[in-house]
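Quick notes on the structure that follows.
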Amino acid sequence: MISRDSSAAAKPQQCHEASSSARRASGAAGLQHFFAPASVAVIGASTHPGKIGHDIVRNLQTSGFKGAVYPINPKAPEILGLRAYASVLAVDGSIDLVVIAIPAKAVLPVMEECAQKGVDSVIVITAGFKESGPEGMELEKRLEEIAGRAGIRVVGPNCLGIIATSTGLNASFAPTFPRVGSLALMSQSGALATAILDWSVQNGIGYSKFVSFGNGLDVGVVDLLRAWEDDPETRVIVAYMEGLPNGPEFMRVAKEVSRKKPVIVVKSGNTRSGARAVSSHTGSLAGSGEAYQAAFKQCGVIRAHSMEELFDLAVAFAYQDVPRSRRVAILTNAGGPGIMATDAVETAGLEMATITPQTVAKLGTQLPPAANLNNPVDCLGDADAERYTFTAETVLADPNVDAALALLTPQTSTQPYESAQGLAAATARSKKPVLACFMGGGAMTSAIELLVSKQVPNYSYPERAVQALATMVRYREWREEPEDEIERFPANTDAVKGIFGRAREEGRVNLGEIEAREVLQAYHIRMPESRVAQSAEEAARFADEIGYPVVMKIVSPDILHKSDIGGVRVGIASRQEAMDAFDLMMLRIRRYAPDAELRGVSVQEMVRSGREVILGSTRDPQFGPLVMFGLGGIYVEVLKDVSFRVAPFGRRHARQMVDEVRSAPLLRGARGERPCDLDAIVTCLLILSQLVTDFPEIVEMDVNPLKVGEPGTGAVAVDARITITEH
Ligand code: ADP
Ligand code: MG
């Protein structure tokens, strides 16, 4: 326990930090009282129906909670037949959980009373804190101080409360109590949580735990992941989140938890990351949405893009095991939907299972001659329940089949309810995952209800079922992958420190090509030979030495986009051209950028062949360094065809970054294009990942372009720029 003596109270700040980490260290066990308390006190309990404090007491009474309930209200002797107390201090026994539902201004004093009473778990339902402006923010800070000092774990403020079905605990003001099930749901939004609950009850979806954590003063996403990772009542963790206080911590914990059970997240509010002015391509292409997307991929979190998809996935994972492989059988009583489903299977990257000759023969003994005995197996529109069930059983027994999609459409001889019974029984026996798609309206209602009650998830369209199945397969594959090991490449970090230091001394945070070259060189990224000339004669001499053709570029700390103002000339083929180019470039730049400090013209070896790709990095406020990959030129600017990962990452993710862009086939050599050295790109991405991890002061950088030759020839960075922080 946290000490509560006077010396601790005298140093609230220090004490708060210590207790906060102690609270976190207590981990899952620390949240036990929220889900299985022996006693609950409701502060703000009211005699008036419709008041939150009244509804919470009523919910505790009616949901099957077996522990003691203490309504706290100084004015009422009795509430809903229970003796009421003036304060928690008036209660004789210990109190495991306190629910606070009184106006914000009154919360702090009762929190102090909770501390005095030795309460360790409090739900603050009350709104009017951080979410309501500066005053509320201050109130929330003080609430946190009291909690930290007293070692009290807090859910809320500004939340709906908690439900735990196995203990019959409804410590919330939600009017509906869901049935027992294996989904655990956490939601940042309380309003959404009530809607989800209501909908779930209607659709027969069961929960183990349900937490609306509101402002997340203390208990938040990471704590709940930890609390549920080994919870035997929970098969699937579902989260609705708007933001995260600590991206890297979330990634670390979510990755561990996802190895044990699926974590499905809906993240709303994909806005651009802040109002910071961006100077790089990467900066302008990376919003917080991209960062979350990358982070979720890297830690195995399953992302749903809508509430509908969230539940499509949640029920699939909750009711069925993940398939052993991608091989799927489709069973149907109608050709059209069978073909639709087949298309969906192929688009989703699943495989149509090859039905064995033995299975085909067995199906042939009972199915009419017109039936299709191969995948998609069609038992025809006149199939009754017996034939449909026989088909399901036979297909599921096939050793080549690891999952099935069972379609049914209402036709004249169709027996939906009996077919559902047969399918559910066959599914239970086979132990292979089956998703159903009983299509239609009224005719299917009772059949669908039966399927859901037997834990066979049903989808209104084949595509949605296939999506759910494909997500399950991908999750399984992710879980079986070994850790993506972080490699280290040789690097001269002292040299980089020196370069950054010098720029800062000159009051600059933007490093142009010349300085960025030095940084990349320190990390052994290949670059064309390059020398800075101060005169036309010198430019010509360097060009002679480097060998024609050469490229010439203006060197100025004030010019970031050189070619925009005529600061780049490629294909300079002779001594004379080099001299002319020098003079012309100086003249032109002086005109277009009269205030720019010019440091000469760099004469550079021209890299003649190769595809141009862009690598870059920005710093995301949530997750830290984010590395980007894309094809150069219009692919980046017009199509925004880029991929992201949070650094540091390993070779597998670097390869995925390359594979993920839509134009990846061009790099692999499709349609007469020459293939390029993908390994070289991957290595550069890994080096960049290391660089931005080593130097958190790199705010943004672009390597644009990296020119990539044919396989085995490597890649050369012909331009780069870096922006660093001021300190
Ligand atoms: P900017 O500041 O305008 O981005 P770059 O240095 O990227 O200037 O040059 C513009 C373009 O010129 C590059 O995208 C590339 O196509 C070409 N280029 C620049 N340097 C070289 C080089 N050394 N070899 C071949 N092409 C180059
Ligand atoms: Mg460039």
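The values are calculated or read from the model by the stated rules, or taken from the named source; none is laboratory data. A quick note: this is a predicted structure, and the numbers were derived from the prediction, not measured. So basically every Cβ, Gly included, is an ideal-geometry build from the backbone, and we count neighbours across all protein chains shown. Calculation scope for accessible area: heavy atoms of the full protein, side chains included, ligands and nucleic acids excluded. Shrake-Rupley method; radii C 1.70, N 1.55, O 1.52, S 1.80 Å.
Per residue, the chain exposes 41 Å² of accessible surface when a 1.4 Å probe is rolled over the protein heavy atoms with every protein chain present.
When only C-alpha pairs under 8 Å and at least 6 residues apart count, what is the relative contact order of the range 388-506, in percent? About 22 percent, as a whole number.
The C-alpha atoms of the chain define a longest principal axis, and helix 462-480 lies at about 70 degrees to it. The long axis of helix 493-505 is offset from the longest Cα principal axis of the chain by roughly 80 degrees.
To put it simply, the accessible area of the range 378-479 at a 1.4 Å probe is 51 percent carbon and sulfur. Our estimate of slack between Arg179 and Ser94, defined as 0.36 nm per intervening residue step minus the Cα-Cα distance, is 27.6 nm.
Ranked by the mean number of other Cβ atoms within 10 Å of their residues, highest first, the peptides 454-462, 218-226, 104-112 come out as 218-226, 454-462, 104-112.
Convex hull volume of the Cα atoms of the range 304-452, normalised per residue: 108 Å³.
Report the local net charge at Pro675: Lys and Arg +1, Asp and Glu -1, summed over other residues whose C-beta lies under 10 Å from its C-beta. Around Pro675, the charge tally is 0. Share of carbon and sulfur in the accessible area of the range 101-175 stands at 54%, probe radius 1.4 Å. For the listed residue pairs Lys209/Lys267; Lys51/Lys117; Lys255/Lys431; Lys51/Lys75, the alpha carbons are over 22 angstrom apart in Lys51/Lys117; Lys255/Lys431. Sequence-distant contacts, meaning Cα pairs under 8 Å at least 6 residues apart, place the relative contact order of the chain at 9 percent.
Along the axis of the charge dipole computed for the range 385-456 (Cβ charges of +1 for Lys and Arg, -1 for Asp and Glu, origin at the Cα centre), the listed residues Leu405, Ala443, Ala428 are led at the positive end by Ala428.
With each label modelled as a point 7 angstrom along the Cα→C-beta vector, the Ala195-Asn374 pair spans 4.7 nm. Once the Cα atoms are used to define both axes, helix 385-397 deviates from the longest principal axis of the chain by about 50 degrees.
Reducing the range 38-116 and the range 633-670 to their Cα centroids gives an inter-centroid distance of 56 Å. Out of every Cα pair in the range 476-563, what percent are spaced more than 23 Å from each other? Everything past 23 Å amounts to 45 percent.
Each other residue within a Cβ distance under 12 Å of Asp719 adds +1 if Lys or Arg and -1 if Asp or Glu, for a net charge of +2. If you take the Cα centroid of the range 575-623 and the Cα centroid of the range 163-183, the two points sit 64 Å apart.
When the helices of the chain are scored as -39500 (n - 2.57) per DSSP H run of n ≥ 4 and the total is divided over every residue, the value at 222 nm lands at -12500 deg cm²/dmol. Grab the beta carbon distance between Arg662 and Ala36, set R0 = 60 Å, and tell me the FRET efficiency rounded to 0.05. Given R0 = 60 Å and the Cβ-Cβ separation, E is 0.75. For the range 464-513 versus the range 285-340, the inter-centroid distance based on Cα atoms is 26 Å. Under conditions of 4 °C and 1.567 mPa s, the chain yields 44 µm² s⁻¹ as its translational diffusion coefficient, taking Rh as the Kirkwood radius over Cα pairs in the Stokes-Einstein equation.
Taken over the range 337-392, the alpha-carbon convex hull comes to 80 cubic angstrom per residue.
If Lys and Arg each add +1 and Asp and Glu each add -1, what is the summed charge of the other residues whose beta carbon sits under 15 Å from the beta carbon of Tyr207? Around Tyr207, the charge tally is +1.
Can you compute the label reach from Tyr461? Point 7 Å from Cα along the Cβ direction, backbone N cut-off under 14 Å, restricted to the range 431-452. Hits in the range 431-452 for Tyr461 at 14 Å: 439-440.
Computed about its Cα centre, the charge dipole of the chain is approximately 860 debye, with only Lys, Arg, Asp and Glu carrying charge at their Cβ. For the range 662-702, the calculated P(r), taken from all Cα-Cα distances in 5 Å bins from zero up to the bin holding the longest distance, is 6, 20, 19, 17, 13, 12, 9, 4, 1 percent.
Test of understanding: extend the Cα→C-beta vector of Thr493 to 7 Å, then name every residue of the range 640-674 with backbone N under 19 Å from that spot. Under 19 Å, as judged by backbone N against the label point of Thr493, lie 647-650 of the range 640-674. Taking the protein heavy atoms of the range 581-727 in the context of the full set of protein chains, the accessible area attributed to carbon and sulfur is 51 percent at 1.4 Å.
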